[in-house]
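Trainee: There's a structure below that I have some questions on.
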């Protein structure tokens, strides 16, 4: 069994338990909690929380209950974005992972509100982590809140979705290769994976009592997350394209063809790999093996 | 000129300038910024930020730039809620303050996303305040983030809207007087006003370097905000009812009649007044005059 598989086997159930526990407590209203759980506890891969935890693991950190809780907040954001993306006014998807989407099951008004509640709830989960065992300093919580909101908001995920909605139903994309990457892939997908890696680095930095942690490392690890995110989104579009070549016009395989898209995916994965090597050269405590396996895993999906 | 009017004249322009400044910087995308500004900078009374600042003023605090910034975050939340409430799947309102609602002007997808961006942006504004002049301690920022998200989320405003959507188009309300107050008025309106007062108290507490600030005061001031919020919502529904008696079935005047609704509004205002007197008895630094005027102002609208 690979390190990655072992890590997933250990932490995926813990991430899901944390999500379920926090969702159970976010509202006194059973119906709303049930709708929110339906949106979140649906067999997701939890790539974003796992990425935060993998960064901690790579610096030989024992992951604390507080850090686990913080790592799951991004999944509330990711889940809300899927609920809103599926809405009739957006992608109008009636199915999500083979089951009815939230609005298909509970109606449009509830789906809008469930998304709003999940988005808001992410910013309850993070501050609550201050009172959980193994909490980082308040300063770290404040920074993590700021970075998550920026990655998810009007310069991040929401902006990417706004661009993606442009010419959404047209026969051809308004975007060329470069603008597709910078205006959709980067904000819509890579920003949140960048944040997930960055949050892990901030938590490592927060638990370092010595002065040995180079602040450049946070940026380098964030950059690693971004490259990984870009490759991940290209791979996701390649998977969709193989099933249906008309799925989305705002997708790289549609625009440049499968071969070029695969090459670009591999370029991003190589960039990510180089960053890991660079970090390893500058910090002896860093063990890149797990994150290297994640790179391979994302590239291997083709 | 009353103290209240003077305070509004001084702080309303500063609140609007802060909102405009933060909105300008929240995204590199001019179109998105323009849509977000359209939603927020529309002549709102800014009751919630003003309430936070009035609490600070009542304890003779000089309001710092950081505190002003924190006080405006709740207005991002309030504004997003109006954008989403107006959506076709919700109230389907094409007008807001005499102008086209956001979805009427920019389309439904953009309105959903503008709302999402505003909600997310509130949680950028608050942590950013840590680096602004006169900032509270990180611990206060974390608490304020937690309380705002709880007031706005699945146990607060979003829950109130979910309840309000139930039997939304029916001829009669499913709610009796008590459940209307506890399931709609309290979470949908009063929770956010409760938060606004509480945030002011937390900022007062945060700037008190001595141990003289009684922690009970935060709860008392929060309770004051809640009573005020309940009265405010009843008054708002009374105003609507006078214009159109069929406007909403989930409104107190519709359910119990105008006279009883007015009496209940006055009861809540009296409760709020009693809390101010109680605080004054226990804390000599507290000057209740400004908040007393706010009570009178809300009751005087009829």
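Trainee: How many nm separate the modelled label positions at residue B:285 and residue A:60, each set 7 Å beyond the Cα in the direction of the Cβ?
Mentor: My value for the distance between the label points is 4.9 nm.
Trainee: Need one number: nm distance between label points at residue B:214 and residue B:2, each 7 Å from Cα along Cα→Cβ, rounded to one decimal.
Mentor: Between residue B:214 and residue B:2, the label points sit 2.7 nm apart.
Trainee: Suppose you put the label 7 Å out from Cα in the Cβ direction; list, shortest first and in nm with one decimal, how far residue A:266 is from each other copy's label.
Mentor: Result for residue A:266, in nm, nearest copy first: 8.1.
Trainee: May I ask you to derive the relative contact order of the range A:3-300, considering only C-alpha pairs under 8 Å and at least 6 residues apart, and to give it as an integer percent?
Mentor: Averaging sequence separation for qualifying contacts and normalising by length gives 19 percent for the range A:3-300.
Trainee: Please find, in a Gaussian network model of chain B (springs between Cα atoms separated by less than 10 Å), the residue of B:235, B:25, B:150 whose mean-square fluctuation is greatest.
Mentor: Top of the fluctuation ranking is B:25.
Trainee: For the rotation taking chain B to chain A, which residue of B has the Cβ nearest the axis, and how many Å away is it?
Mentor: That would be B:138, 2.
Trainee: Under the rule of -39500 (n - 2.57) per DSSP H run of 4 or more residues, summed and divided by the residues of chain A, what mean residue ellipticity at 222 nm is obtained, to the nearest 500 deg cm²/dmol?
Mentor: After summing the helix terms and dividing by the residues of chain A, the value is -22500 deg cm²/dmol.
Trainee: Please work out whether the range B:232-302 counts as rounded, prolate or oblate from its C-alpha gyration tensor, where a ≥ b ≥ c are the square roots of the eigenvalues and a/c under 1.5 means rounded, while otherwise a/b larger than b/c means prolate and anything else oblate?
Mentor: Prolate, because a/c is 1.5 or more and a/b exceeds b/c.
Trainee: If you don't mind, another one. When only alpha-carbon atoms are used, what values of Rg and Dmax, in angstrom, describe the protein assembly as shown?
Mentor: Over the protein assembly as shown's Cα set, Rg and Dmax evaluate to 24.6, 77 Å.
Trainee: Additional query: Averaged across A:19-27, how many Cβ atoms of other chains sit within 10 Å of each residue's Cβ atom?
Mentor: On the way: counts 0, 0, 0, 0, 1, 0, 2, 6, 9.
Per residue, the average neighbour count from other chains is 2.
Trainee: From the label point of residue B:2, set 7 Å from Cα along Cα→Cβ, how far away are the matching label points in the other copies, in nm, ordered shortest to longest?
Mentor: 6.8
Trainee: Report the residue, chosen from B:181, B:105, B:203, that carries the largest GNM mean-square fluctuation when chain B is represented by alpha-carbon nodes joined by springs under 10 Å.
Mentor: Of B:181, B:105, B:203, the Gaussian network model singles out B:105 as fluctuating most.
Trainee: Also, I was wondering about something else. Give the nm distances, rounded to one decimal, from residue A:133 to the matching residue in every other copy, measuring between label points 7 Å along Cα toward the beta carbon; shortest first.
Mentor: Those label-point separations list as 4.6 nm.
Trainee: Among A:80, A:273, A:38, whose mean-square fluctuation peaks in a Gaussian network model of chain A (Cα, cutoff 10 Å)?
Mentor: The residue with the greatest mean-square fluctuation here is A:38.
Trainee: In nm, to one decimal, how far is the modelled label at residue B:99 from the one at residue B:12, with both set 7 Å along Cα→Cβ?
Mentor: Label at residue B:99, label at residue B:12, 1.6 nm between them.
Here, each number is a calculation from the coordinates, and none is a lab measurement. For clarity, every value in this text was computed on a predicted model and none was experimentally measured. Note: ideal-geometry Cβ built from the backbone for every residue, glycine included; neighbour counts use all protein chains shown.
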